[in-house]
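Peer 1: Here it is, the structure in full.
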Amino acid sequence: MSMSKGTIKKVAGPLVIAEGMRDANMFDVVRVSNQRLIGEIIEIHGDQASVQVYEETSGLGPGEPVESMGVPMSVELGPGLITSIYDGIQRPLDDIMKVSGNSLKRGVEVPSLKRDRKWQFVPVAAVGDEVEAGDVIGTVQETIVVEQKIMVPYGIKGTVKEIKSGEFTVEEVVAVIATAEGDKELTMMQRWPVRRGRPYVKKLPPEMPLVTGQRVIDTFFPIAKGGVAAVPGPFGSGKTVIQHQLAKWAEADIVVYIGCGERGNEMTDVLNEFPELKDPKTGQSLMQRTVLIANTSDMPVAAREASIYTGITIAEYFRDMGYSVALMADSTSRWAEALREMSGRLEEMPGEEGYPAYLGSRLAQFYERAGHVVSLGKEGRTGALSVIGAVSPPGGDISEPVSQATLRIVKVFWGLDSALAYKRHFPAINWLNSYSLYLDNMEDWFNKKVAEDWMKYRQKMMTLLQEEAELEEIVKMVGMDALSASDRLKMEAARSIREDFLHQNSFHEIDTYTSLQKQYLMMKLVMGFYDKSAEALKQGASMNGLLQMPVRERIGRFKYTLEDQIEEEYKKIADELAVQIAGTIGKEDF
């Protein structure tokens with residue numbers, strides 16, 4: 001490993017230019033000045049290297065030493081990741097605090113995985129087994145919920161010569177593999193360069209949904225397992241709340257939450273809430289299957305850029321074990337701002353609105369790492385990594401570059417609307433301009449696994465909501481009285497879809513999560529009211545009679561029914577609806 005040593009020539013904020021770095025390579029990690037601040041080489045001219053420094057650079061001056069470590073920016077992967085809280089470059093915040101107190105000091109060097117903690121290693125492979133990269137040699141019960149699989153690192157293939165059982169730290173050798181290049185000692189920890197996606201055998205098509213229990217998402221704009229979604233929205237429209245809901249309820253075994261350049265108090269909310277939240281599937285604390293990466297708005301800007309890669313590399317590691325992983329990035333706009341700042345310091349030619357010209361390709365590199373894949377190894381495990389990125393466009397204007405570049409890549413767009421948020425409609429996802437391009441691929445799954453007319457009902461509801469938007473324009477101009485009875489019924493049915501189906505109370509213990517079966521029954525009730533009333537109108541029922549049926553209240557309250565009582569409650573309401581509709585026919589309006 002060649003160590004290249006140079007000296008500082010110029011300091012411009014997080015950018016340090018060092019000379020005498022002829023042997024260094026792009027993206028090498030460097031230690032800057034006598035305080036040994038951590039940085040990464042992002043540009044090389046002759047013997048001059050431009051270093052992006054991940055810590056505060058005030059007080060540095062020309063002539064101080066810069067030393068290249070000869071390795072790219074990497075993360076440590078192994079037992080101890082789950083429940084950890086890291087900064088943007090995978091330094092555990094609890095250990096930094098022991099060293100430097102409540103304020104982040106500069107140049108603190110602490111290992112990412114605790115070196116003194118022992119883990120119970122249970123071997124799965126035996127001496128004499130042929131193993132290759134990705135094969136599981138043993139397991140570690142990391143938390144009550146997560147069993148971490150210890151895999152053969154990439155690039156190693158051979159025969160197990162020796163394998164141990166018992167308690168070890170992450171640095172102790174647990175197995176020896178005889179390979180063509182000689183014996184290789186394996187520990188429970190492996191390193192991986194963050195800017196390179198972890199390899200897999202093949203990507204699978206996105207055919208099954210990541211069930212979230214949020215009705216507007218699952219029914220209208222579902223995300224596939226291994227899919228990518230963007231949640232753009234103005235300040236205060238509920239991006240963070242939606243990400244918290246998905247972290248709690250989405251069908252994922254592991255959650256990686258990256259707070260990238262958001263306010264400190266939002267990250268604090270996550271830190272306070274997640275340990276207290278009960279994981280609905282296991283009854284344990286949600287933190288038992290979560291990794292948090294916190295790089296708030298007042299932490300060094302350049303480290304934001306790394307935080308996204310750190311997070312997705314950790315997520316890929318769990319995906320390789322065969323888990324379903326959900327990654328929340330809050331927010332990619334702040335990450336793009338870090339790119340813009342560095343690009344400006346490097347005096348590169350700016351693209352649109354001052355963002356670098358490579359903004360789109362960097363975003364694509366990040367989102368492309370999601371997917372439903374077959375992992376390396378003889379087992380052929382399948383794992384999924386779904387990515388949900390929040391975008392915070394200034395002033396809620398999604399025509400700006402970050403939103404536009406994101407929308408070109410992702411296939412699901414949940415457009416948040418401040419007008420809905422101010423009306424207290426949660427989730428504030430606007431049903432008229434959001435979309436999911438996975439729908440066609442997943443139609444079969446919904447029709448087979450939930451109900452064969454799932455897609456038919458979804459389409460009917462969508463049509464009603466679109467017709468309501470058109471009718472509202474007419475109502476604004478000429479008033480409600482100008483509408484025909486059938487149009488007024490459409491407006492009422494659409495209101496029922498909005499208020500009884502789409503509106504969901506995330507703080508209500510029953511309504512916070514809705515199973516697909518219950519979503520289907522809710523669709524049938526809401527649409528049943530409309531279809532039967534439309535029939536009754538043709539047979540001369542009075543409009544007021546239909547609108548004042550007591551059963552409408554019960555349809556609205558169906559969402560508060562417990563999961564084990566939905567079938568029976570649905571039958572009662574459906575019967576009541578039929579009786580009351582029949583009662584409205586033939587009565588005149590007086």
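Peer 1: Do you know which residues across region 450-473 are more than 20 Å from LEU525 (Cα to Cα) and surrounded by fewer than 15 Cβ atoms within 10 Å (Cβ to Cβ)? Please lay out each step first, then the result.
Peer 2: Keep residues of region 450-473 that are more than 20 Å from LEU525 (Cα to Cα), which gives 469-473.
Within region 450-473, ALA469, GLU470, GLU472, GLU473 meet the criteria.
Peer 1: Right, here's the next one. Looking at region 480-536 only, could you name the residues that are crowded, with 21+ Cβ neighbours inside 10 Å and part of a loop (DSSP other than H, G, I, E, B)?
Peer 2: Across region 480-536, the qualifying residue is only THR514.
Peer 1: Please state which one of ARG340, ARG334, ARG345, ARG319 is closer than 30 Å to HIS45 by Cβ and touching a Leu at 6+ places or on another chain (Cβ under 6 Å). Outline the logic, then answer.
Peer 2: Values: ARG340 fails: touching a Leu at 6+ places or on another chain (Cβ under 6 Å); ARG334 fails: touching a Leu at 6+ places or on another chain (Cβ under 6 Å); ARG319 fails: closer than 30 Å to HIS45 by Cβ.
Sole residue among the options that is closer than 30 Å to HIS45 by Cβ and touching a Leu at 6+ places or on another chain (Cβ under 6 Å): ARG345.
Peer 1: Hey, could you check region 122-158 for residues that are out of contact with any Asp or Glu (no Cβ under 6 Å at 6 or more places or on another chain) and among the hydroxyl-bearing types (Ser, Thr, Tyr) and say which is farthest from MET321 (Cα to Cα)? Full working, then the answer.
Peer 2: Initially, region 122-158 is screened for residues out of contact with any Asp or Glu (no Cβ under 6 Å at 6 or more places or on another chain), giving 122-138, 140, 142-147, 149-151, 153-156, 158.
Then drop every residue that is not among the hydroxyl-bearing types (Ser, Thr, Tyr), which leaves 143, 154.
Details: THR143: 15, TYR154: 13 Å.
The qualifying residue farthest from MET321 (Cα to Cα) is THR143.
Peer 1: Residues in region 279-296: is at least one surrounded by fewer than 23 Cβ atoms within 10 Å (Cβ to Cβ), of a type in the set (Ser, Thr, Tyr) and modelled with pLDDT of 90 or more?
Peer 2: No, that holds for no residue.
Peer 1: For region 182-224, which positions are outside any strand (DSSP E or B) and basic (Lys, Arg)?
Peer 2: Listed by number, the residues that qualify are ARG195, ARG196, ARG198, ARG215.
Peer 1: Then there's this: Could you check region 386-410 and list, in sequence order, the residues that are part of a loop (DSSP other than H, G, I, E, B), closer than 18 Å to SER297 by Cα and of a type in the set (Gly, Ala, Ser)?
Peer 2: SER392 - this is the single residue of region 386-410 that is part of a loop (DSSP other than H, G, I, E, B), closer than 18 Å to SER297 by Cα and of a type in the set (Gly, Ala, Ser).
Peer 1: Of the numbered conditions (1) open to solvent by 10 Å² or more (accessible area, probe 1.4 Å); (2) out of contact with any Leu (no Cβ under 9 Å at 6 or more places or on another chain); (3) farther than 25 Å from HIS244 by Cα, VAL374 fails exactly one; give the number of that condition.
Peer 2: Of everything listed in (1) open to solvent by 10 Å² or more (accessible area, probe 1.4 Å); (2) out of contact with any Leu (no Cβ under 9 Å at 6 or more places or on another chain); (3) farther than 25 Å from HIS244 by Cα, VAL374 misses just condition (2).
Peer 1: A further question on this structure: Which members of region 44-82 meet the condition of being assigned to a strand (DSSP E or B), over 15 Å from ASN34 (Cβ atoms), open to solvent by less than 50 Å² (accessible area, probe 1.4 Å) and of a type in the set (A, V, I, L, M)?
Peer 2: Within region 44-82, ALA49, VAL51, MET69, VAL75, LEU77 meet the criteria.
Peer 1: Here is a follow-up. Can you tell me which residues in region 170-191 are buried (at least 19 other Cβ atoms within 10 Å of the Cβ) and under 17 Å from GLN148 (Cβ atoms)?
Peer 2: Answer for region 170-191, where residues must be buried (at least 19 other Cβ atoms within 10 Å of the Cβ) and under 17 Å from GLN148 (Cβ atoms): VAL170, VAL174, ALA175, LEU186, MET188, MET189, GLN190.
Peer 1: Here is a follow-up. I'm told ALA541 meets every condition in (1) touching a helix residue (DSSP H, G or I) at 6+ places or on another chain (Cβ under 9 Å); (2) closer than 23 Å to GLN504 by Cα; (3) touching a residue at least 24 places away in the same chain (Cβ under 8 Å) except one. Can you identify the failing condition by its number?
Peer 2: (2)
Peer 1: While we're looking at this one, here's another question. Filter region 53-81 for residues that are without any contact (Cβ under 8 Å) to a residue 60 or more places away in the chain and out of contact with any Pro (no Cβ under 9 Å at 6 or more places or on another chain) and give the result.
Peer 2: Hits for region 53-81 are SER58, GLY59, LEU60, GLY61, PRO62, GLY63, GLU64.
Peer 1: Taking region 181-195 as the region of interest, how many residues are charged (D, E, K, R) and either on the phi > 0 side of the Ramachandran plot or within 19 Å of the chain's Cα centre (by Cα) (or both)?
Peer 2: 1
The values are calculated or read from the model by the stated rules, or taken from the named source; none is laboratory data. As the structure is a computational prediction, the values presented were derived from the model and not from experiment. No Cβ is skipped: glycine too gets one built from the backbone with ideal geometry, and neighbour counts run over all protein chains shown. For the accessible areas, the whole protein counts, side chains as well, though only heavy atoms, and no ligand, DNA or RNA atoms are used. Shrake-Rupley method; radii C 1.70, N 1.55, O 1.52, S 1.80 Å.
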